[in-house]
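Notes to accompany the following structure.
The values are calculated or read from the model by the stated rules, or taken from the named source; none is laboratory data. These numbers were taken from a predicted model, which means no experiment stands behind them. Note that each Cβ is placed from the backbone with ideal geometry, even for glycine, and that neighbours are counted across all protein chains shown. Each accessible area value is taken on the protein alone, full model and side chains, heavy atoms only, with ligands, DNA and RNA left out. Shrake-Rupley method; radii C 1.70, N 1.55, O 1.52, S 1.80 Å.
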Amino acid sequence: MTQRGAAGTDPPDDYLEAAIQRLLTECTEIAEQGITVTRRDHSVLLCGEVESARRREEILRLVVEHFPEVPVTVDIGLIRTQAPTEVEELR
Amino acid sequence: MVIRIAAVGDVHLDQDVVGRFRPALEQLPESADVLLLAGDLTRHGTESEARCVATEFGDLGVPVVAVLGNHDHHCDEVPAVIRVLEDAGILVLEGTNVVLECAGVRLGIAGAKGFGGGFAGRCASEFGEPEMKAFVRTTSAIADQLGEALREMDCDLRVALTHYAPVPDTLAGEPPEIYPFLGSYLLGQAIDSAPTELALHGHAHAGSERGTTPGGVRVRNVAHPVIKQAYSVFHLHPPYAGATAGKVSAVSAGGSS
Ligand SMILES: [Fe+2]
Ligand SMILES: [Fe+2]
């Protein structure tokens, strides 16, 4: 018989990405749909871009709070807001 | 006369973002005649977030015209959100239009949030469960309003503004599995039913900038994470599509010049 983790202990890997993705969208404190969640070896990598540094911190805090067993790596950037230096000419 | 259009979508504002766009926006009147906001203006559609949008995008010195996005609908406070935006002088289009006078040129903007359903050959159909039929009917009703709003304008050039995408081209970069949640070909069909010059949308944060409808209308995804700047500026040069005889055969009389 194959070994399985006891029910309710390890987060079931195949559902972890979906669970984190829905958490980030449906928790209205965050409401982020643009974060990609990828499993890497034994950790989870969060990638994407957000509108403020506070949102990046909130995302990390929320994921750690809900999935305390899962090591999390965050690579989330801030979307730049400089004025454009070029225009697009449409003829 | 060249018409200069600035546009951005998906700014997802809340208190924590207020002020970030403002330095670039102060320069906007020098480089654009109008600013179009392509939906998802708020983080999740509260009245207080709408006040943040009003603070950030109000009093710019150029007309600001917006559509709402799915995030702006989340808290079911749409009437309050619209009221706050309109009190700040930001016009919200919902299957409606506006004609602005820009340096002697009548710029017509028709806007609608849009909805999903997918693209030709890979799209949802009005068939089966009531929920499925309601989903598809929602999109087709919005697309009909958008088409009508585009065709009925008496103007020199037409711009279509939506939140959801009218073509799959500008979704490149998004997982193909979620395309049906990102837009609908029905919006593209509506845009092609009038001699539209440019179609702007947001929503697809991981998509790409450029596309074209089957009818040849240029489409640009101006979602903030895609353009990676405060806004993009497009210069529309005459002769405009509305003046190109025979480009679209289904234009109502008096709809173009
Ligand atoms: Fe968005
Ligand atoms: Fe959206």
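Quick one: accessible area per residue over chain B, 1.4 Å probe, rounded to a whole number of Å²?
Numbers: 9570 Å² over 257 residues.
Roughly 37 Å² per residue, with all protein chains present.
Take every DSSP beta bridge whose two residues both sit in chain B, then give the antiparallel share in percent to the nearest 5.
Values: 17 of 47 bridges.
So the antiparallel bridges amount to about 35 percent of the total.
Mind checking how much accessible area B and A bury in total, 1.4 Å probe, in Å² rounded to 100?
Working: alone 10820 and 7440 Å², together 15590 Å².
Approximately 2700 Å² gets buried when B meets A.
Could you work out Rg/(2.2 N^0.38 Å) for the range B:82-128, with Rg from alpha carbons only?
Working: Rg = 16.5 Å, N = 47, 2.2 N^0.38 = 9.5 Å.
For the range B:82-128, the normalised Cα radius of gyration comes out at 1.74.
When Lys and Arg each count +1 and Asp and Glu each count -1, what net charge do the other residues less than 9 Å away from B:Val222, Cβ to Cβ, add up to? Display every interim value, and only then the final one.
Values: positive: B:Arg220; negative: B:Asp10, B:Glu209.
Here the charged neighbours net out to -1.
Threshold 20 Å², probe 1.4 Å: give the residues of the range A:62-91, in number order, that are less accessible with all protein chains present than with their chain alone.
In the range A:62-91, residues shielded by partner chains: A:Ile79, A:Arg80, A:Thr81, A:Gln82, A:Ala83, A:Pro84, A:Val87, A:Glu88, A:Glu89, A:Leu90, A:Arg91.
Okay, helix-only estimate at 222 nm for chain A: each DSSP H run of n ≥ 4 adds -39500 (n - 2.57), divide by all residues, round to 500 deg cm²/dmol; what do you get?
Working: 2 runs with 28 residues, N = 91.
Calculated mean residue ellipticity at 222 nm is -10000 deg cm²/dmol.
Need one number: % antiparallel among DSSP beta bridges in the range B:39-191, to the nearest 5. Don't jump to the answer; show the numbers that get you there.
Details: 9 of 21 bridges.
Taking every DSSP beta bridge within the range B:39-191, about 45 percent pair in antiparallel fashion.
Counting only protein heavy atoms, what percent of the accessible surface of the protein assembly as shown is carbon or sulfur at a 1.4 Å probe?
Answer for the protein assembly as shown: carbon and sulfur cover 52 percent of the accessible area.
Going by a 1.4 Å probe on protein heavy atoms, which residues of the range B:13-49 end up with at least 50 Å² less accessible surface in the whole assembly than in their chain alone?
With the partner chains in place, the range B:13-49 has these residues losing at least 50 Å²: B:Asp16, B:Arg20, B:Arg43.
Just from its helices, what would the mean residue ellipticity at 222 nm be for chain B, if runs of 4 or more DSSP H residues each count -39500 (n - 2.57) and the sum is divided by every residue, rounded to the nearest 500 deg cm²/dmol? Could the numbers behind the result be given before it?
Working: 9 runs with 72 residues, N = 257.
The per-residue figure over chain B is -7500 deg cm²/dmol.
In whole Å, how far is the Cα centre of the range B:162-187 from that of the range B:93-160?
14 Å
Give the residue list of trypsin sites (Lys or Arg not before Pro) in the range A:22-72 that are DSSP loop and have at most 13 other beta-carbon atoms within 10 angstrom. Walk me through the numbers on the way to the answer.
On the way: sites: A:Arg22, A:Arg39, A:Arg40, A:Arg54, A:Arg55, A:Arg56, A:Arg61; in loops: none.
Hits after loop and neighbour filter: nothing returned.
Give me the tail of P(r) for the range A:2-78 as a percent: Cα-Cα pairs with distance above 20 Å.
Values: 807 of 2926 pairs.
Considering the range A:2-78, 28 percent of its Cα-Cα pairs are separated by more than 20 Å.
How large, in Å, is the range B:1-154 by the Kirkwood hydrodynamic radius built from its alpha-carbon pairs? Write out the running numbers ahead of the final one.
Details: mean 1/r = 0.0602 Å⁻¹.
For the range B:1-154, inverting the mean 1/r across all distinct Cα pairs yields 16.6 Å.
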